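Below is one structure, written out as C-alpha cells, with a few remarks after it.
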Amino acid sequence: MLSAHPTLVSMDERPLILDAVRNMRAHGLAYPDALPALAPEVVDNMRATYWQSAAQHARQEQSQRLVDKNPLNMLLLPMILRLFPRACVIRCVRHPCDAILSCHFQSFSDPEVASMSASLPRLAESYAVF
C-alpha cells in the first residue's frame, strides 16, 4: 500500500539490517553494546553497504524514500537508529494469527528466528512478548 505513494518505494523483506549486525559481530563487536563507540567512518561504510544492497532489490528514484518492510527490523531498532538517525518507523499491526501463520511458513536464514518459527506454540509465545 505504501509503495502506491509516488514519494515512496518499498522493498521485499530482506535481511539488510541484520547483515549489518552480523558484520559487527564478525568483527568481534558486541551488538548493540558497541554501537555508540563505532567511529563515524565505520557507520558511513555500513550505511553505504546497506544502500548498495538495497539498490539491488528496489529501484529507488532520488526523490523517493525507501520503505524496508522487514518485520524483524523491529528487533534491530538500535542499529537502524545508529545508521539512520532520522529514520521513520511505521509499525503495522496484523491479526496475531495471520502474523504467526505467516512466520511459520516463512524460511528464515537466521538460526534463532528459524528455530522460533518452527513451532506454532513458540511463535505465539514470542508474539505475546513482542
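The numbers here are math on the coordinates, done by the rules we state, and not lab data. Please read all numbers here as calculations on a predicted model, not as lab measurements. No Cβ is skipped: glycine too gets one built from the backbone with ideal geometry, and neighbour counts run over all protein chains shown.
Taking the convex hull of the alpha carbon atoms in the chain, what volume per residue do you get, in Å³?
Hull volume normalised by residue count: 127 Å³.
In nm, what is the difference between 0.36 nm times the number of residues separating His5 and Val89 and their Cα-Cα distance?
28.6 nm
What is the list of residues in the range 99-124 whose amide nitrogen lies under 14 Å from a point 7 angstrom out from the Cα of His57, following Cα to Cβ?
107-110
Amide H neighbours of Arg65 under 5 Å, counting only residues 5+ apart in sequence or on other chains, H built in-plane at 1.01 Å?
Residues meeting the amide H criterion: Leu8, Val9.
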